[in-house]
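Here is the structure we will look at, set down as structure tokens.
The values are calculated or read from the model by the stated rules, or taken from the named source; none is laboratory data. On a predicted model such as this, the values are computed, not experimentally measured, just so you know. For neighbour counting, all protein chains shown are included, and Cβ atoms are generated from backbone atoms with ideal geometry for every residue, glycine included. What goes into the accessible areas is simple: the full protein's heavy atoms, side chains included, and nothing from ligands, DNA or RNA. Shrake-Rupley method; radii C 1.70, N 1.55, O 1.52, S 1.80 Å.
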Amino acid sequence: MKILKFGGTSVGSPERMKKLLDIVNPAERQIVVLSAVSGTTNALVEIASAYSTGDKKKAEILIKELHAKYKDFVDELFATQEGKLNGKELIDYHFNLIASFATELFTPLEEKVILAQGELISTTLYHFYLTEIGVRSKLLPALDFMKIDEDNEPMIDYIGEELGKLLKANADHNFFITQGYICRNSFGEIDNLRRGGSDYTASLIGAAIRADEIQIWTDIDGMHNNDPRIVKNTKPIAHLTFDEAAELAYFGAKILHPQSVFPAQRYGIPVRLLNTMDPSAFGTLISKDGAAKGQIRSIAAKDGITAIHIHSSRMLLAYGFLRRVFEVFERYKTPIDMITTAEVAVSLTIDETRYLAEIEKELNDFGKVTIDTDQTIICVVGDFSMNAHGYVARVLDAVKHIPVRMISYGGSEYNISILVDTNDKVEALRSLHDRLF
Ligand code: ADP
Ligand code: ASP
Ligand code: MG
């Protein structure tokens, strides 16, 4: 069985949605994971934020705007009166639900319900469309099987069991459609897998049912060797290993959700990144093999990084110091990305700053703490094993005109990371691109 995920632009207009049939094959057993129509989740985020600041008027205007867009969408998607009516009823239901939160206490719980509406609408519209044109499909509600635990970690065994039951109960169907991004949490409430989470859904489903292949269909022909939004003349990379792809996704290559490689990697399921606008392009194949020896593969950047520097003479010759530092971050469930140490100081970075004040307060017990916000990690991925010399020098040479705050090398054989001020990101990416490729 194959899993095919289509992102927001791939279902971004009625025309695009109809064109999916050039790619999917309803006669073959497939699970199709859909994102919300492009722009929808951003609009829902805005609506939720208007509610949470008590600006009901703004929420109402935003809801009307989005609702109007969907009315046009439905009108164009369906050809028959019946189709148009069903489509209209569907979107009216969802927009009434979103509007109903104006009278309720607005908490993160309601926010998550609002954010879930985009995928619920896109999948049902697509299912209705297929029904209208006589193509048989089965809608599988992600909220019936996609689940995260109390640490927000996906429960792959549970997902496999519940999805397995649904597939078995619908053994007379070949072609399944489900929502990306949305899930239930350990309280059974509606939740999500964070922005861009539909990739993660596809990988989790693929892993949970041990699919043959996971295909991520998007608006570009695979993973490029740098961020195409910032750097000109980037090129797609035909093969990547799971480790390389995971590193790039985690460190900011937007084409993949940061965690989406791990489930596929765990079960060795190949992932293909493919272009809906150019379906015959090879794209990128991510698998166990494919490491290119002695090459620099790609560059990615992750913004929103905070660097924390702890200076403490008590660290000198002391053991157990780093453990105590790490325990602070563990208590606040805050992951550390980069770390560098000196004899009397340690610098590390985080991207989750919810508990920054609490963390800073506890770290003050160890020594003098300084914090820099608006930092960016630039991650260069390639074959940097010890025998592949000269690469660190080339990377650093390319950024020698930019202040570098931290350098990390040697943690893995395929990553060199540097920390720069976000204001220097664009220049760093361009200069690295010019000199490394
Ligand atoms: P989707 O809505 O299909 O999930 P995304 O917008 O999340 O699509 O991801 C695709 C976009 O990721 C591309 O249009 C591209 O601008 C951006 N992107 C950033 N870095 C890379 C990269 N290294 N390779 C390819 N695309 C990238
Ligand atoms: N619709 C969600 C988002 O925009 C999930 C996704 O597109 O992957 O973040
Ligand atoms: Mg995406």
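Does the stretch 295-321 hold any residues that are of a type in the set (Gly, Ala, Ser) and either part of a strand (DSSP E or B) or buried (at least 22 other Cβ atoms within 10 Å of the Cβ) (or both), and which are they? Full working, then the answer.
In the first step, residues of the stretch 295-321 are kept if they are of a type in the set (Gly, Ala, Ser); the result is 298, 300-301, 304, 307, 312-313, 318, 320.
Once the filter is applied, which keeps residues that are of a type in the set (Gly, Ala, Ser) and either part of a strand (DSSP E or B) or buried (at least 22 other Cβ atoms within 10 Å of the Cβ) (or both), the stretch 295-321 yields Ser298, Ala300, Ala301, Gly304, Ala307.
I want to confirm something. Restricting to the stretch 231-267 and keeping residues that are hydrophobic (A, V, I, L, M, F, W, C) and open to solvent by 30 Å² or more (accessible area, probe 1.4 Å), which single residue is nearest to Lys288 (Cα to Cα)? Give the derivation first.
Keep residues of the stretch 231-267 that are hydrophobic (A, V, I, L, M, F, W, C), which gives 231, 237-238, 240, 242, 245-246, 248-249, 251, 253, 255-256, 261-262, 264.
Cutting the leftovers down to open to solvent by 30 Å² or more (accessible area, probe 1.4 Å) gives us 238, 255, 262.
On the way: Ala238: 14, Ile255: 19, Phe262: 12 Å.
If we take residues in the stretch 231-267 being hydrophobic (A, V, I, L, M, F, W, C) and open to solvent by 30 Å² or more (accessible area, probe 1.4 Å), then Phe262 is nearest to Lys288 (Cα to Cα).
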Anything in the stretch 117-149 that is within 20 Å of the chain's Cα centre (by Cα) and acidic (Asp, Glu)? List them, or say none.
Glu119, Asp149
Filtering the stretch 202-246 down to residues that are closer than 15 Å to Val271 by Cα and acidic (Asp, Glu) yields Asp212, Glu213, Asp221, Asp243, Glu244
Going by the conditions given, is Lys58 part of a helix (DSSP H, G or I), exposed (fewer than 15 other Cβ atoms within 10 Å of the Cβ) and more than 16 Å from ligand 1 (Cβ to nearest atom)?
no
For the stretch 248-292, what are the residues that are within 16 Å of ligand 3 (Cβ to nearest atom) and more than 18 Å from the chain's Cα centre (by Cα)?
Thr276, Met277, Gly283
Set Tyr158, Tyr200: member being surrounded by 14 or more Cβ atoms within 10 Å (Cβ to Cβ) and away from ligand 1 (no atom under 16 Å from the Cβ):
Tyr158
Between a residue in the stretch 194-214 that is on the phi > 0 side of the Ramachandran plot and any residue that is away from ligand 2 (no atom under 15 Å from the Cβ), which pairs come within a Cβ distance under 6 Å, given they are 6 or more apart or on different chains?
Arg210/Tyr267
Pick from Thr373, Thr422: which is open to solvent by 70 Å² or more (accessible area, probe 1.4 Å) and within 23 Å of the chain's Cα centre (by Cα)?
Thr373
Ile209 - would you say it is surrounded by fewer than 23 Cβ atoms within 10 Å (Cβ to Cβ) and touching a helix residue (DSSP H, G or I) at 6+ places or on another chain (Cβ under 7 Å)?
yes
Being on the phi < 0 side of the Ramachandran plot, away from ligand 3 (no atom under 16 Å from the Cβ) and loosely packed, with under 14 Cβ neighbours inside 10 Å narrows it down to one residue among Glu46, Glu65; which is it?
Glu65
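Okay, residues lined up against (1) at pLDDT below 95; (2) surrounded by 18 or more Cβ atoms within 10 Å (Cβ to Cβ); (3) over 22 Å from Val344 (Cβ atoms):
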| site | (1), (2), (3) |
| --- | --- |
| Ile359 | no, yes, no |
| Phe366 | yes, no, no |
| His389 | yes, no, yes |
| Met406 | no, yes, no |
| Tyr409 | yes, no, no |
